[in-house]
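These notes concern the structure reproduced below.
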Amino acid sequence: MPALFAILILSGCDREPQETPQESEIGKSKGDEARVGEIDPRFAGELMPAARLVDPQGEELNLGALQGRPVLVNLWATWCVPCIKEMPLLDELAVDYDGEMSVVTISQDMGDPAKVATFFAVNELANLPQWIDPQLALGDAMGAATLPTTVLYDPTGQEVWRVTGDFDWSSEEARAAIDEALQSEG
């Protein structure tokens, strides 16, 4: 399955370049046409997949350990232009919703994990975790056929909605959707 996910990701953002990021071509998500750049509730109720993540220093996290509060999971890569565009917005979102929701970014980069740490340092992203999916299995388990894919999970680990492709996380639409989801949990 990780190989299938890698093929799907590579077909969306082409392949990992040596020097310049690439635009993403949107593929299919969960077997249906993805609603690109839209909040999509069609998969509400799907459970957060189990995954073992690592950070550039080798620390590990079981994704399931994040249950108990809402979690916004973002799959991204250092070579994906729409992903790069979103990261500062997600960094700001993490500050704005600190204490109410966790914002968890999970790199789908292959190879040296130091490139993720370097990306965070160069882009001054101080409020996001630097998790990496070393097996590249999470995207497949989430039904994410392209990057970026962002999924909001409720405190019980059930999907509320997702966004395939880049999204303006500073927009009124994004904030209203998050606020609505958080209020329904209270």
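The values are calculated or read from the model by the stated rules, or taken from the named source; none is laboratory data. If you're wondering where the values come from, they're calculated on a predicted model, not measured in any experiment. Quick reminder, even Gly has a Cβ in these numbers, built from the backbone with ideal geometry, and neighbours come from all protein chains shown. To get the accessible areas, we keep the full protein, side chains included, count just its heavy atoms, and leave off ligands, DNA and RNA. Shrake-Rupley method; radii C 1.70, N 1.55, O 1.52, S 1.80 Å.
List of remarks:
- Ligands, DNA and RNA left out, the 1.4 Å accessible surface of the stretch 39-119 is 52% carbon and sulfur atoms.
- Extended-chain gain in nm, criterion 0.36 nm per residue less alpha-carbon gap, V81 and A50: 8.4 nm
- Charge context of L182, other residues only, Cβ under 12 angstrom, K/R +1, D/E -1: -4
- A 1.4 Å probe run over the stretch 57-184, with the rest of the protein chains in place, finds 39 Å² accessible per residue.
- Per-pair calculated FRET efficiency, R0 = 22 Å: R69 and E173 via Cβ, rounded to 0.05: 0.45
- Residue by residue, the stretch 68-78 carries 3J(HN,Hα) couplings of x, 8, x, 9, 9, 9, 10, 8, 8, 8, 5 Hz when phi is fed to the Karplus relation 6.51 cos²θ - 1.76 cosθ + 1.60 (θ = phi - 60°); x denotes Gly or Pro.
- Of every Cα-Cα pair in the stretch 81-127, the percent that sits beyond 17 Å: 36
- Net +/- balance of residues flanking L89 in space, Cβ distance below 12 Å, scoring K and R +1, D and E -1: -4
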